[in-house]
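See below for the structure under consideration.
The values are calculated or read from the model by the stated rules, or taken from the named source; none is laboratory data. Please read these numbers as outputs of a predicted model, since none were measured by experiment. Methodologically, a virtual Cβ is constructed for each residue, glycine included, from the backbone with ideal geometry; neighbour enumeration extends over all protein chains shown. Keep in mind that these areas ignore ligands, DNA and RNA; they rest on the heavy atoms of the full protein, side chains included. Shrake-Rupley method; radii C 1.70, N 1.55, O 1.52, S 1.80 Å.
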Amino acid sequence: MNWLKKFMIGRYGSDNLSVFLLILSIILTFASSFARNSVLMTMSYIPLFIALYRMFSKNIQKRSMESYKFAMLVSPIYSRYKRFLSRIRASKTHKYFKCTTCKTNLRVPKGKGKILITCPNCKKEFIKRT
Ligand SMILES: [Zn+2]
């Protein structure tokens with residue numbers, strides 16, 4: 001493995017974008033073999049070669065910039081996904097409401113019967129069953 005370490009000196013290596021491209025390539029490969037589509041099979045090599053090019057690239061600054069742009073593109077999707085997961089986890093103990101005036105998401109404990117909910121944002125009060 002020493003030769004690999006020597007070979008990778010000064011090269012960019014792997015990052016989240018490269019991993020994403022490799023996963024995309026694997027998905028396209030499976031999809032093409034499932035659909036028996038040779039065009040899709042050829043297309044599945046494109047993200048693979050881009051990922052390999054990025055890993056062995058010596059232009060580290062440019063690759064870092066690409067990685068940063070990818071992170072900026074993905075972060076809203078990822079944060080929405082994280083919020084969705086935390087809502088599912090909390091669904092046994094909490095109930096979610098949307099404020100009728102300012103549309104703020106409100107989280108209240110479940111199983112308390114009819115309660116008066118005050119929106120912390122606009123101070124609007126409404127009664128809901130939890
Ligand atoms: Zn409100």
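Values computed for the structure shown
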item	result
Cβ-Cβ FRET estimate between residue 3 and residue 48, R0 fixed at 30 Å, reported to 0.05	0.85
Per residue, in Å², the accessible surface of the chain once ligands and nucleic acids are set aside, probe 1.4 Å	78
Percent RCO, i.e. relative contact order, over the chain, from Cα pairs under 8 Å lying at least 6 residues apart	17
Distance (nanometres) between label positions extended 7 Å along Cα→Cβ at residue 11 and residue 60	1.5
Residues residue 71 and residue 101, FRET efficiency given R0 of 35 Å [Cβ-Cβ distance, rounded to 0.05]	0.50
Shape call, the stretch 86-130: gyration tensor on alpha carbons, a/c limit 1.5	oblate
With Cα atoms, 0 to 90° folded angle of helix 60-90 axis to the chain main axis	30
Rh (Kirkwood; distinct C-alpha pairs) - the stretch 2-90, Å	15.1
Amide hydrogen neighbours beyond the local backbone of residue 95, cut-off 5 Å, H modeled	108, 110
GNM top mover of 87, 36, 11 - the chain, alpha-carbon springs below 10 Å	36
Sequence-distant lysines (8 or more away, or on other chains) whose Cα lies within less than 23 Å of residue 124	95, 98, 103, 110, 112, 114
Derived scalar couplings ³J(HN,Hα) [the stretch 47-58; Karplus, 6.51 cos²θ - 1.76 cosθ + 1.60; whole Hz; x for Gly, Pro]	x, 5, 5, 4, 4, 5, 4, 5, 5, 9, 5, 9
Nearest 10 degrees, 0 to 90: helix 16-35 Cα axis against the chain principal axis	80
Protein-only accessible surface order, largest first, of 20, 97, 84 at 1.4 Å	84, 20, 97
Nonlocal amide H pairs with residue 124, under 5 Å, H built at 1.01 Å	119
